[in-house]
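The values are calculated or read from the model by the stated rules, or taken from the named source; none is laboratory data. These numbers come from a predicted model, not from an experiment. Note that we place each Cβ from the backbone using ideal geometry, even for glycine, and neighbour counts take in every protein chain shown.
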Amino acid sequence: MATKQHIIVIGAGVLGLSCAFQLSKFGYAVTIIARDLPVDLSVAYASPWAGAHFRPIPITTPAESIEHGFVTQTSSRFAALAANNPSAGIAFVRGVEYFDAPSAKYTDLDPAMGFCTSSEFRALRPDELPGGGSGNIKWGCEYEAWVLNSPVYLAWLERHLQLEGVVIVRRTLSAIEEAVFVARAELGKPDLEPLAVVKASGMGFADPECFPSRGQFLLVSNPCKETISHHWADGTSTVIIPRPLSGGTLIGGSKEEGNWSQEPCAKTTAAILKRVSELCPEMLTPPVNNPEGPPALHLLKTNVGRRPMRRGGLRV
């Protein structure tokens, strides 16, 4: 039997695990080398803290055009996973988007921009908006969106990679080139010459174009049947993302570029709870131990993670 060509993936976040998953399906032998794994809870390991959900983005740059293609392929693959592997923690729900000050790239509904071509896309009538269109929210739309339970999905990926024979090595690398030597030592193959090394390490190796974006989100026990995004006139956003398989609902959030803090901010928590309560009052429920108590959001956990961002978009 012919020897499989070998590929090394650096990083075990959702991108690294997904790359390894697809490469193994394509018939490659794969080794993952990562500092953080799905069992870890580190601020620098952003994937377990993610919502996560789909929302369409208008295409305004060449980088966004490339990313739109990735998004389309992802939705197609997630649809197959949701149908055939419910334990992966992926579901499709109604997505709703509200804007206080929408720009033309959203409201023009130009198919070339890619925004209005999402599955089941529809612009909302004014009477369907919170406040009937007379409040702060001036425009909205709905579409089909995927949501996923990030910790469940990461564990599912890792488990299936192991079943596919992918080798996962926990190691902190000081340089990309070191990955080859680690793989040779771990596999006992001193002559190993990998076909490629995939860098999916987020902020790793000091790419000058990369920077962190601190995100603070709250996990609440209150259920929600749809994912909602509200874009405020000041540029901030409020999001509500249900986590499948009884994973609660993630609400947020913050996007703080260059902020390295790993401590939860009480002021941010209070602001998130207030905004979500006003945006979606139907989510509020009395305490479990006091059915007569006042309806509220019931906080389970405060999540803080550093999203790896890159000026100029993804480097592929």
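Output the number of the condition that Ser76 fails; it satisfies all remaining conditions of (1) under 24 Å from Gly51 (Cα atoms); (2) surrounded by 12 or more Cβ atoms within 10 Å (Cβ to Cβ).
Evaluating Ser76 over (1) under 24 Å from Gly51 (Cα atoms); (2) surrounded by 12 or more Cβ atoms within 10 Å (Cβ to Cβ) leaves (2) as the failure.
Considering each residue of the stretch 218-236, count those that are farther than 18 Å from Val93 by Cβ and within 16 Å of the chain's Cα centre (by Cα), and give that number.
Of the residues in the stretch 218-236, 1 are farther than 18 Å from Val93 by Cβ and within 16 Å of the chain's Cα centre (by Cα).
Determine, yes or no, whether Val169 is of a type outside the set (Phe, Trp, Tyr) and part of a helix (DSSP H, G or I). Write out each step before concluding.
On the way: of a type outside the set (Phe, Trp, Tyr): yes; part of a helix (DSSP H, G or I): no.
Spelling it out, it is not the case that Val169 is of a type outside the set (Phe, Trp, Tyr) and part of a helix (DSSP H, G or I).
Kindly check whether there is at least one residue in the stretch 136-148 that is assigned to a loop (DSSP other than H, G, I, E, B), over 21 Å from Arg122 (Cβ atoms) and not assigned by TED's automatic domain parsing to the domain that holds Ser201. Walk me through it before giving the result.
Residues of the stretch 136-148 assigned to a loop (DSSP other than H, G, I, E, B): 136-138.
Narrowing the set further to residues that are over 21 Å from Arg122 (Cβ atoms) leaves 136.
Within this subset, residues satisfying the condition of being not assigned by TED's automatic domain parsing to the domain that holds Ser201 are 136.
Yes: one or more hits.
Does the stretch 140-151 include one or more residues that are of a type in the set (D, E, K, R) and within 26 Å of Trp49 (Cα to Cα)? Walk me through it before giving the result.
First, pick out the residues of the stretch 140-151 that are of a type in the set (D, E, K, R): 142, 144.
Restricting the remaining residues to those that are within 26 Å of Trp49 (Cα to Cα) gives 142, 144.
Yes, the stretch 140-151 contains at least one residue that is of a type in the set (D, E, K, R) and within 26 Å of Trp49 (Cα to Cα).
Go through (1) closer than 24 Å to Pro242 by Cβ; (2) modelled with pLDDT under 90 for Ala44 and report which single condition fails.
Answer for Ala44: the failing condition is (1).
Need at least 3 residues that are touching a strand residue (DSSP E or B) at 6+ places or on another chain (Cβ under 6 Å), on the phi < 0 side of the Ramachandran plot and not assigned by TED's automatic domain parsing to the domain that holds Ser246 per element, so show me which helices (runs of 4 or more DSSP H) inside the stretch 1-112 make the cut, counting only ones lying wholly within it. Explain how you work it out, then say what you get.
Values: elements: 14-25, 62-84, 104-107.
Correct list: 14-25.
Need the failing condition index for Ser119 against (1) closer than 29 Å to Val316 by Cβ; (2) out of contact with any Phe, Trp or Tyr (no Cβ under 8 Å at 6 or more places or on another chain); (3) modelled with pLDDT under 95; (4) among the polar types (S, T, N, Q), just the number.
Condition not satisfied by Ser119: (2).
Identify all residues within the stretch 261-308 that are charged (D, E, K, R), over 24 Å from Pro130 (Cα atoms) and in a helix (DSSP H, G or I); write none if there are none. Reasoning before the result, please.
From the stretch 261-308, those charged (D, E, K, R) are 263, 267, 274-275, 278, 282, 292, 301, 306-307; that's our starting set.
Add one more test, that the residue is over 24 Å from Pro130 (Cα atoms), and what stays is 263, 267, 292, 301, 306-307.
Once the filter is applied, which keeps residues that are charged (D, E, K, R), over 24 Å from Pro130 (Cα atoms) and in a helix (DSSP H, G or I), the stretch 261-308 yields only Lys267.
Note down all Cβ pairs under 6 Å where the first residue falls in the stretch 275-287 and is in contact (Cβ under 8 Å) with a residue 12 or more places away in the chain, the second is surrounded by 14 or more Cβ atoms within 10 Å (Cβ to Cβ) and polar (S, T, N, Q), and they're at least six residues apart or on different chains.
Note: pairs meeting the criteria are Arg275/Thr238; Leu279/Thr238; Met283/Asn222; Thr285/Asn222.
With the requirement that a residue be touching a residue at least 60 places away in the same chain (Cβ under 8 Å) and within 30 Å of Pro244 (Cβ to Cβ), what does the stretch 118-151 give you?
As a first pass, look at the stretch 118-151 and keep what is touching a residue at least 60 places away in the same chain (Cβ under 8 Å): 118, 121, 130, 136-137, 143, 145-151.
Within the stretch 118-151, Ser118, Phe121, Pro130, Ile137, Tyr143, Ala145, Trp146, Val147, Leu148, Asn149, Ser150, Pro151 qualify.
Please work out which residue is nearest to Val96 (Cα to Cα), limiting yourself to the stretch 113-131 and to residues that are of a type in the set (Asp, Glu) and part of a helix (DSSP H, G or I). Walk me through it before giving the result.
Narrowing the stretch 113-131 to residues of a type in the set (Asp, Glu): 120, 127-128.
Next cut, part of a helix (DSSP H, G or I) only: 127-128.
Working: Asp127: 15, Glu128: 11 Å.
Checking each candidate, the answer is Glu128.
For the stretch 288-312, give me the residue count where each residue is among the polar types (S, T, N, Q) and free of Cβ contacts under 8 Å to residues at least 40 places away in the same chain.
2
When you look at Lys189, is it outside the structural domain of Tyr106 (by TED's automatic domain parsing), under 28 Å from Val152 (Cβ atoms) and basic (Lys, Arg), yes or no? Before you say what the answer is, go through the steps one by one.
Working: outside the structural domain of Tyr106 (by TED's automatic domain parsing): yes; under 28 Å from Val152 (Cβ atoms): no; basic (Lys, Arg): yes.
Taking the combined requirement at face value, the residue does not satisfy it.
Within 23 Å of Ile57 (Cβ to Cβ), of a type in the set (S, T, N, Q), assigned to a strand (DSSP E or B) and modelled with pLDDT of 95 or more: does that describe Ser213? Outline the logic, then answer.
Values: within 23 Å of Ile57 (Cβ to Cβ): yes; of a type in the set (S, T, N, Q): yes; assigned to a strand (DSSP E or B): yes; modelled with pLDDT of 95 or more: no.
No: the conditions fail for Ser213.
Spot the failing condition for Asp110; the list is (1) of a type in the set (D, E, K, R); (2) surrounded by 14 or more Cβ atoms within 10 Å (Cβ to Cβ); (3) at pLDDT 95 or above; (4) over 23 Å from Val220 (Cα atoms), and only one is missed.
(3)
Here is a yes/no grid of residues against (1) in contact with a Gly (Cβ under 9 Å, 6 or more places away or on another chain); (2) outside the structural domain of Leu297 (by TED's automatic domain parsing); (3) farther than 18 Å from His298 by Cα; (4) among the small types (Gly, Ala, Ser):
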site: Ser221; (1), (2), (3), (4): yes, no, no, yes
site: Lys225; (1), (2), (3), (4): no, no, no, no
site: Ser229; (1), (2), (3), (4): yes, no, yes, yes
site: Thr238; (1), (2), (3), (4): yes, no, no, no
site: Leu250; (1), (2), (3), (4): yes, no, no, no
site: Glu257; (1), (2), (3), (4): no, no, yes, no
site: Pro264; (1), (2), (3), (4): no, no, no, no
site: Thr269; (1), (2), (3), (4): no, no, no, no
site: Leu273; (1), (2), (3), (4): no, no, no, no
